Amino acid sequence: TVSVSAGISEPLNASGVKLVILSYWDGSAWTNATMAQENKLYKATLPALPYGTTVNYTVFAFDHAGNVATMDIYSYITADSYLPIARIDQPIHGSYLSGQVDVIIFGNDPNMDRMELAINSTVVQKWNSSGTWVFNWIPTNYTDGTYLLRLTAFDKAGNIAKQEITVTIDNTSPTIKIPAWTPTEPSA
């Protein structure tokens, strides 16, 4: 949201300010909002608009005699300074894995561009929208060892969030060995 304040004055002995209107273009239509007087300023708030919207606004002031004053049109482009959410929900950090594993991720941002899941810096899956997603990982296709899983979320404003976990792949079955056995005689 953006707060707009305007100083409006009338000459001494004039009819006085009757109404002050903030008029703004939200990228598709002009909308009017009545500005409220707070101390010596008139204030109104523009609503939050989607990232990248070019917003134009102006102020109209009316006095009781029917005179109108208009200020120049100002503009700004909405920004996004908030990081997206990037979360690896499964497996948990430090897990030992084998067989088939569902890597469950969650990412969210109103202006999401994409999310990328990487295993040891190699991107294995991309998503183009917010939500909960599943990547079917088959650790048996990898050698035993420790692996870094990194989820990176990018929004359209260039904000980036990451979460990293390490897991260990263990595809090696335990071995069973019976040591040499010597029968013993029962004692008498």
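Does I176 satisfy the criteria of being without any contact (Cβ under 8 Å) to a residue 40 or more places away in the chain and either on the phi < 0 side of the Ramachandran plot or not β-branched (V, I, T) (or both)?
Working: without any contact (Cβ under 8 Å) to a residue 40 or more places away in the chain: yes; either on the phi < 0 side of the Ramachandran plot or not β-branched (V, I, T) (or both): yes.
It is true that I176 is without any contact (Cβ under 8 Å) to a residue 40 or more places away in the chain and either on the phi < 0 side of the Ramachandran plot or not β-branched (V, I, T) (or both).
Filter segment 86-97 down to the residues that are in a strand (DSSP E or B) and surrounded by fewer than 17 Cβ atoms within 10 Å (Cβ to Cβ) and list them by number.
The initial filter retains those residues of segment 86-97 that are in a strand (DSSP E or B), namely 86-90, 96-97.
Selection gives R87, D89, Q90, Y96.
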Return yes when N128 is loosely packed, with under 10 Cβ neighbours inside 10 Å and closer than 23 Å to P91 by Cβ and no when it is not. no
Within segment 104-159, which residues are touching a residue at least 60 places away in the same chain (Cβ under 8 Å) and closer than 12 Å to P84 by Cβ? P110, N111, L151, T152, A153, F154, D155, K156, A157, N159
Count, please, the residues in segment 57-96 that happen to be touching a Ser or Thr at 6+ places or on another chain (Cβ under 6 Å), more than 29 Å from A29 (Cβ to Cβ) and not small (G, A, S). 2
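Tally up the residues in segment 61-72 that are in a strand (DSSP E or B) and either among the aliphatic types (A, V, I, L, M) or open to solvent by less than 60 Å² (accessible area, probe 1.4 Å) (or both), please. Steps first, answer last, please.
Just the residues of segment 61-72 that are in a strand (DSSP E or B), to begin with: 61-63, 68-70.
Remaining after also requiring either among the aliphatic types (A, V, I, L, M) or open to solvent by less than 60 Å² (accessible area, probe 1.4 Å) (or both): 61, 63, 68-69.
Here the count works out to 4.
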Please work out which one of (1) modelled with pLDDT of 95 or more; (2) assigned to a strand (DSSP E or B) is the condition S75 fails and give its number. (1)
Take segment 18-67 and flag every residue that is hydroxyl-bearing (S, T, Y) and free of Cβ contacts under 8 Å to residues at least 40 places away in the same chain. S23, Y24, S28, T31, T34, Y42, T53, T54, T58
Residues of segment 98-115 satisfying the condition of being more than 14 Å from the chain's Cα centre (by Cα), in a strand (DSSP E or B) and not β-branched (V, I, T): D102
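The values are calculated or read from the model by the stated rules, or taken from the named source; none is laboratory data. No experiment lies behind these values; they were computed from the predicted model shown. Counting neighbours? That spans all protein chains shown, and the Cβs are built from the backbone with ideal geometry, glycine included. Accessible surface is based on the protein model in full, side chains and every heavy atom, while ligands, DNA and RNA are left aside. Shrake-Rupley method; radii C 1.70, N 1.55, O 1.52, S 1.80 Å.
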